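All remarks here apply to the structure that follows.
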Amino acid sequence: MPPVLIIGEVTPDGDAASITGELIAAARPLADGLGVELVAALPGTSSQRAAATAITLGADKAYAVEDPFLDDPSAFDAHVAAAQKLCQEIGPSIVLFGRTITGRDVAPRLAFRLGTCAANDCVEVKLDSDQRLAALRPVFGGSALAWVRCLGDVAVVTVRAKAYEPLEADATRKGEVVNFSPGLGRDAVKSRLVERVKEDQTQGLRLEDARIVVSGGRGLGGPDPFVHLEEIAKLLGGAVGASRAACDAGWVPATLQVGLTGKTVTPDLYLTVGISGASQHMAGCAASKNIVSINKDGDANIFKEARFGAVGDWKNILPAFIEQLQELVK
Amino acid sequence: MPLNIIVAAKQVLDPEMPASAFKVDRDAKKIMPPQGIPPVVNGFDENAVEAALQLREIHEGKVTVLTMGAEFALDVIKKPLSMGADELILLQDPAFINTPDSFFTATVLAAAIKKIGEYDLIICGRQASDWDSSQVSLGIAEMLGLPVITLGRKIEVGDGKVLVQRVLTDGYEVMEASLPAVVTVSNEFGEPRYPTLRGIMQATRKMPTTWTSADLGVEIPAPQLELSDLFVPERDRQCEYIEGSDEAAIGRNLALKLREAKLI
Ligand SMILES: Cc1cc2nc3c(=O)[nH]c(=O)nc-3n(C[C@H](O)[C@H](O)[C@H](O)COP(=O)(O)OP(=O)(O)OC[C@H]3O[C@@H](n4cnc5c(N)ncnc54)[C@H](O)[C@@H]3O)c2cc1C
Ligand SMILES: Nc1ncnc2c1ncn2[C@@H]1O[C@H](COP(=O)(O)O)[C@@H](O)[C@H]1O
């Protein structure tokens, strides 16, 4: 019986990255529904430990896929070739990847090699009544949701990070760990990493990890007002984000962009100033616990998703808001 | 060495239409075209055209724009020509409907690129803003056996190679591949140029080449992804608007409300 395969990820320290557990949690009901094995693959240079973890997280069998060419998350050519070899070996009916730096390039390329295409960035997967895989995808920038059915011989899906909670780890679970070396040669690699440059100079708190995020948009009118947002972030122990409009205008670095093509944040408090709430922006922040917005247009879309709204010009609202905050956190 | 560059550009519904204009016909599984809001060239594909034009300025050569669809708004899809592209090829056929089935789209585009024959670089957008599939470019690369580098924000060509700065969440990385290659660009590449008046005049006179599925000799592949439902998600949050005698008071009350709700 063709198994369900998840392609997990290995951290630089050799642990299973969190997406691995999320994929296993997404795939477990599929494998059970089909009555087949759930196989996890952990590609890297040293992935034994991550493979063993995959078993505790719910996989029936785990492949430690090891090759010197799999040394980097951006070694896409090698990751595609390794996944292809593994698929030849085990012939899965469903392959799940994470929608991560690696998955977003590797999964579709594997799919095309297998004669199909991927269902990308899915937030839910299930079996239809005819046992075909159906996947729920936000489309049109998140304005709509689409169920797509995978009709090919193999279903290839990328699952959005954090769409699934990992199952509880159970150290007593039994399962086979298999060593698999794809034996990649230089010919598998067509593009080469030359250098990597870190530009985000943020000290300490990362935007993605912050419990409080203060984001500014085009309504701020320029780079200078962002100092107010920084002040708020500092007062509350949060981080500053931005809409694409503010990033594209060059007011703040592109690394601050929140949204469909920027970062995904899930803070307890997401405070926006001068952001209209376009669906592509909300795609990156809608899962925040509380959205609070300051905007001079009371009909702005952002208020449809906000818990609290302050309608008015930020130039008048922010100084008093900050003054009051200072008093409160004193 | 002059460069033959092919840009794949798609016509899409305007993704920045007001939320109130966005309506889904769930039975037909279609977005209803908004009244009075014309379609646009996919934003990232305008970045791709810009990238191609900049490379042509340095290396000379030719920029050919390729677009697939069942129907086009000619004045919209001609925009790359008015920006300065040399040629526009419409892959137009009733069978070329807009679907989330990227296997189909990539098959048709790859067939057209084969028919064009000579190319050094194929530039695509990072994703089409309708289905957000972000894989047609990867499919073209796989079908043609070419290297592919995604999410470009800067592209340089020399010595038969392409060097691409790829966007990362905390910076960028430089990847290199031999030509011919496929590259996708992101908005970080920079604003696409506005068409000049002269460009618009020239584009009016230029007629696109049209190829049907028969011209391409392409066999329509078996469907791989089928749309089974399309709907607008419910948003059930009730916003509480903060009151105050003036905007400063609203600001103060907002801070107090955040404390009351234990958000700060
Ligand atoms: C494929 C695609 C991907 C995209 N990805 C992203 C993404 O990842 N992230 C993202 O953010 N966007 C993204 N966008 C862009 C998105 O569609 C919007 O264009 C963008 O989010 C708008 O940014 P904004 O809200 O800052 O600007 P606007 O929409 O212009 O809104 C500005 C707001 O500021 C308010 N305002 C103006 N002056 C004041 C004032 N003095 N005081 C208070 N309020 C004021 C206005 O009422 C308005 O609501 C994407 C678009 C596409 C097509
Ligand atoms: N119908 C089409 N015609 C021309 N180019 C397309 C078409 N569909 C997709 N593309 C190209 O492929 C890129 C990625 O699209 P997608 O995979 O659909 O998100 C787009 O930015 C375009 O460059």
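When you look at the Cβ of every residue in A:309-316, what mean number of other chain Cβ atoms sits within 10 Å? Can you show the working numbers first?
Values: counts 6, 11, 6, 9, 1, 2, 1, 6.
For peptide A:309-316, the averaged partner shielding equals 5.
Peptide packing: for A:232-240, A:116-124, the average count of neighbouring Cβ atoms within 10 Å per residue gives the ranking A:116-124, A:232-240, highest mean first.
Mean silhouette area of the stretch B:3-216, derived from the convex hull of its C-alpha atoms and averaged over all directions, reads 12.4 nm².
Going 7 Å from the Cα of B:T212 toward and past its Cβ, which residues in the stretch B:83-103 have a backbone nitrogen under 11 Å from where you end up? B:92-95, by backbone N distance to the label point. Bridge orientation summary for the stretch B:119-264: considering DSSP beta bridges with both residues in this region, about 65 percent are antiparallel. One way to sum up the overall shape of chain A is the equivalent ellipsoid from its Cα gyration tensor, whose semi-axes run 41, 21, 18 Å, largest first. Per-residue surface analysis assigns A:L145 an accessible area of about 30 Å², computed on protein heavy atoms at 1.4 Å probe radius. Look at the Cα gyration tensor of the stretch A:207-328: its axes a ≥ b ≥ c give a/c under 1.5, and that counts as rounded.
Quick one: length gained pulling A:E168 to A:N316 fully straight, 0.36 nm per residue minus the C-alpha distance? List each step's numbers first, then the result.
Values: separation 148, 0.36 × 148 = 53.28 nm, distance 4.91 nm.
Full extension of this stretch gives 48.4 nm more.
For the residues of B:159-172, the average number of beta carbons from a partner chain within 10 Å of their own beta carbon is 5.
Take B:184-193, B:57-66 and order them by the average number of nearby Cβ atoms within 10 Å per residue, most first; the result is B:184-193, B:57-66.
The GNM of chain A, with springs linking C-alpha atoms under 10 angstrom apart, assigns the highest mean-square fluctuation among A:E305, A:E66, A:E195 to A:E195. Considering only Cα atoms, the convex hull volume of the protein assembly as shown works out to 162 Å³ per residue. The stretch A:144-167: which residues show an accessible-area loss of 50 Å² or more, assembly versus chain alone, 1.4 Å probe? With the partner chains in place, the stretch A:144-167 has these residues losing at least 50 Å²: A:L145, A:W147, A:R149, A:L151. Taking B:A249, B:A214, B:A28 as the candidate residues, the one with maximal mean-square fluctuation in a Gaussian network model of chain B, Cα springs under 10 Å, is B:A249.
Return one whole number: the accessible area per residue of chain B in Å², for a 1.4 Å probe. If you can, show how the numbers build up before the last one.
Working: 11810 Å² over 264 residues.
Dividing the accessible area of chain B by its residue count gives 45 Å².
Determine, for each peptide in B:84-90, A:247-253, the mean count of other beta carbons within 10 angstrom over its residues, then list the peptides with the highest first. Don't skip to the answer; put the middle values down first.
Working: B:84-90: 20.6, A:247-253: 17.4.
Going by the mean number of other Cβ atoms within 10 Å, highest first, we get B:84-90, A:247-253.
In loop segments of the stretch A:250-304 as defined by DSSP, the trypsin sites (Lys or Arg not before Pro) with at most 15 further C-beta atoms inside 10 Å of their C-beta are A:K289.
Could you give the C-alpha radius of gyration of the stretch A:4-188 expressed as a fraction of 2.2 N^0.38 Å, taking N as the number of residues it contains? It would help to have the intermediate numbers written out before the result.
On the way: Rg = 15.1 Å, N = 185, 2.2 N^0.38 = 16.0 Å.
Dividing the Cα radius of gyration by 2.2 N^0.38 Å gives 0.94.
Note on A:V227 and B:R198: their simple-model spin labels are 4.4 nm apart, each label 7 Å out from Cα toward Cβ.
For the stretch A:240-249, 3J(HN,Hα) computed residue by residue from phi via the Karplus equation (6.51, -1.76, 1.60; θ = phi - 60°) reads 9, x, 7, 7, 4, 4, 5, 6, 4, 6 Hz, glycine and proline entered as x.
Helix B:43-59 versus the longest principal axis of chain B: what is the Cα-based angle in degrees, 0 to 90, to the nearest 10? Taking Cα atoms only, the helix is inclined about 40 degrees. Computed about its Cα centre, the charge dipole of the stretch A:184-330 is approximately 480 debye, with only Lys, Arg, Asp and Glu carrying charge at their Cβ.
With a simple spin-label model that places each label point 7 Å from the Cα along the Cα-to-Cβ direction, the separation between B:Q238 and A:K296 comes to 3.0 nm. Temperature 10 °C, viscosity 1.306 mPa s: under these conditions the Stokes-Einstein estimate for the stretch B:1-129, based on its Kirkwood radius over C-alpha pairs, is 102 µm² per second.
What are the membrane-span-like helices in chain A by this rule: whole DSSP H runs, Cα extent along the axis at least 20 Å, mean Kyte-Doolittle hydropathy at least 0.0?
Numbers: long enough: A:18-34 (25 Å, 0.72); A:76-90 (21 Å, 0.26); A:314-329 (22 Å, 0.33).
In chain A, the long hydrophobic H runs are A:18-34, A:76-90, A:314-329.
The values are calculated or read from the model by the stated rules, or taken from the named source; none is laboratory data. As the structure is a computational prediction, the values presented were derived from the model and not from experiment. Using ideal geometry, Cβ is built from the backbone for each residue, glycine included, and neighbour counts are taken over all protein chains shown. Accessible surface is based on the protein model in full, side chains and every heavy atom, while ligands, DNA and RNA are left aside. Shrake-Rupley method; radii C 1.70, N 1.55, O 1.52, S 1.80 Å.
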